[in-house]
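All remarks here apply to the structure that follows.
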Amino acid sequence: MVNSLPQPTLETTEARTKVIKENILTPRFYTTDFETAAELDLSSQDTELQAMLTEMRADYNRHHFVRDESFNQSWDHITGEARQAFVDYLERSCVSEFSGFLLFKELSRKLKGRSPLLSEMFSLMARDEARHAGFLNKAMADFGCTMDLGYLTKNRVYTFFPIEWVIYTVYLSEKIGYWRYIIIYRHLEKHPENQFYPLFRYFESWCQDENRHGDIFKALLRSQSKLWQTRRSRWWSRFFLLTVFATHTLTVHERSEFYHTLGLDPTEFDREVIRQTNETAARAFPSVLNTDHPQFFQRLHHCSDLNLKMAEIDRTSQPKWLKVLRKVPFQLAIVGHLLRIYLLKPIDAEALRETIR
Ligand SMILES: [Fe+2]
Ligand SMILES: [Fe+2]
C-alpha cells in the first residue's frame with residue numbers, strides 16, 4: 001500500500017520535525033480488504049450516495065483553507081504547558097486527518113474501474129483530508145515544528161481492519177470530529193477573548209466537511225444489512241462506540257491544559273462531545289450506549305484517572321520492566337471499568353427509528 005501512494009502535497013518545511021510519541025491513544029494508520037470493498041452492493045443507498053457525490057463535487061470549501069493575515073505574527077507569547085498542550089493537540093489532529101487522507105486515497109485508487117462511484121467519493125474525501133492535515137501542519141510550523149508526513153507515510157505501521165470495521169470506525173471518527181470542532185467553534189463565538197490562535201475561526205466550515213464524510217459512511221453502513229440487522233452488528237456498534245469514547249475521554253484529560261486555555265472545562269467538553277456523538281450515531285447504528293446511566297461517565301472518568309496515574313509512572317526514572325509491571329493493575333482496572341460500561345443496558349436505535357417513523 002505504502003509504496004504505491006502518491007507523495008503527499010503537504011509541506012515539511014521547518015528544521016525541527018516532530019517525532020510522534022507512540023502510545024495506545026496515538027491515531028493509527030489503516031489498511032483494509034480492498035477486494036471486499038470493491039464488491040460492496042450499494043444499490044439500496046444509491047440515491048443517498050449520488051446526492052452525496054453531487055455535494056462533494058460542488059466542493060463548498062475550496063476557498064476556505066487559505067491562511068489570512070491574522071496568522072502573520074509571532075506566537076512566542078504562548079509558552080510553557082499551554083504551548084505544549086496546544087502543539088500536542090495539533091499533532092494528534094494532524095496525524096488523524098492525514099490517516100484519513102491515506103486510507104481514502106488508497107481506497108480510491110484500488111476501487112478505480114471496479115466501483116466508480118466509491119472511487120470518486122473516496123478521492124474527494126481524500127482531497128478534504130489533505131487540506132485539513134496541511135492546514136494543521138502549517139499551524140504546527142507557526143510553533144516551530146512540523147510533521148514529516150512523507151516519512152510517516154513510509155515508516156508508520158499500518159493496522160489492518162476489515163472493511164466492516166472501517167465503516168463503523170470512520171463513521172464514528174468523522175462524527176466525533178464534527179462535534180469536537182463545532183463545540184469549540186460555538187464556545188469561542190461566545191467567548192472570543194479565549195481565541196488565542198486564528199485556527200479555531202476555520203472550524204465551522206471545516207466541520208461541515210467531517211459531517212458530510214460521516215453521512216457518506218452512514219449511507220455505506222446502511223447499504224449493508226449485516227452491519228445493522230444482525231445481533232452481532234449490535235455488539236460491534238457498541239464496542240466501537242465505547243473504544244472511540246474511551247480514547248476521547250483519556251486524551252482530553254491528558255491535554256486538559258489546552259481546554260483550559262480555551263476557557264473550556266475538559267470534563268464538560270468531553271461529556272458533551274460523547275453525548276452528541278452517541279445521539280448522532282443512533283441514526284446509523286442499530287444500538288448505542290446509554291450515556292445517561294449514572295455509571296457511564298463515572299466509570300469513564302475512573303479510567304481517565306487511572307490513565308493519568310500510569311502517565312506519572314512513565315515519567316519516573318525507574319527501569320522499563322518495573323514501569324510495565326507497575327502499570328498492569330491500572331490497565332486491568334481500566335479494562336474492568338470498560339467491560340462494566342459495555343454491559344450496561346444499551347439503547348435500541350432501530351426501535352427508536354421505528355417510533356420516529
Ligand atoms: Fe478532516
Ligand atoms: Fe473527514
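The values are calculated or read from the model by the stated rules, or taken from the named source; none is laboratory data. The model shown is predicted, which means the values in this text are computed figures rather than measured ones. Here the Cβ is made from the backbone with ideal geometry for all residues, glycine too, and neighbour counts use every protein chain on show.
Computed quantities for the displayed model
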quantity	calculated
Subset tally (residues that are of a type outside the set (V, I, T), within 15 Å of M140 (Cα to Cα) and not in a loop (DSSP other than H, G, I, E, B)) for region 69-97	15
Search result, residues across region 216-227 that are surrounded by fewer than 21 Cβ atoms within 10 Å (Cβ to Cβ) and either modelled with pLDDT under 95 or in contact with an Asp or Glu (Cβ under 9 Å, 6 or more places away or on another chain) (or both)	R222, S223, Q224, K226
Output for region 111-123, where each listed residue is in a helix (DSSP H, G or I) and surrounded by fewer than 20 Cβ atoms within 10 Å (Cβ to Cβ)	P116, L117, S119, E120, S123
Residues of region 188-217 satisfying the condition of being assigned to a helix (DSSP H, G or I), out of contact with any Gly (no Cβ under 7 Å at 6 or more places or on another chain) and more than 16 Å from ligand 1 (Cβ to nearest atom)	L188, E189, K190, P192, E193, P198, R201
Total residues in region 300-350, condition among the polar types (S, T, N, Q) and closer than 23 Å to F240 by Cα	3
Residue tally, condition among the acidic types (D, E), within 18 Å of A219 (Cβ to Cβ) and away from ligand 1 (no atom under 16 Å from the Cβ), over region 118-176	2
Near pairs, Cβ below 6 angstrom, 6+ apart or cross-chain, from region 81-97 (touching a residue at least 40 places away in the same chain (Cβ under 8 Å)) to any residue that is polar (S, T, N, Q) and part of a helix (DSSP H, G or I)	A82/T261; C94/N137
Selection within region 166-199 - of a type outside the set (A, V, I, L, M) and farther than 22 Å from R275 by Cα	H191, P192, E193, N194, Q195, F196, Y197, P198
Residue count for region 148-167, restricted to those that are surrounded by 19 or more Cβ atoms within 10 Å (Cβ to Cβ) and more than 25 Å from T243 (Cα to Cα)	1
Identity of the residue in region 60-97, within 15 Å of ligand 1 (Cβ to nearest atom) and among the small types (G, A, S), that ends up farthest from R255 (Cα to Cα)	S96
Any hit, region 314-321, residues being of a type in the set (S, T, N, Q) and in contact with a Leu (Cβ under 9 Å, 6 or more places away or on another chain)	yes
Single condition G100 does not satisfy, out of (1) within 16 Å of ligand 1 (Cβ to nearest atom); (2) in contact with a helix residue (DSSP H, G or I) (Cβ under 6 Å, 6 or more places away or on another chain); (3) part of a loop (DSSP other than H, G, I, E, B)	(3)
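Here's the yes/no breakdown for (1) within 14 Å of the chain's Cα centre (by Cα); (2) in contact (Cβ under 8 Å) with a residue 12 or more places away in the chain:
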{"position": "Q229", "(1), (2)": "no, yes"}
{"position": "R232", "(1), (2)": "no, no"}
{"position": "F239", "(1), (2)": "no, yes"}
{"position": "V244", "(1), (2)": "yes, yes"}
{"position": "T251", "(1), (2)": "yes, yes"}
{"position": "F258", "(1), (2)": "no, yes"}
{"position": "E272", "(1), (2)": "no, yes"}
{"position": "T280", "(1), (2)": "no, yes"}
{"position": "P286", "(1), (2)": "no, yes"}
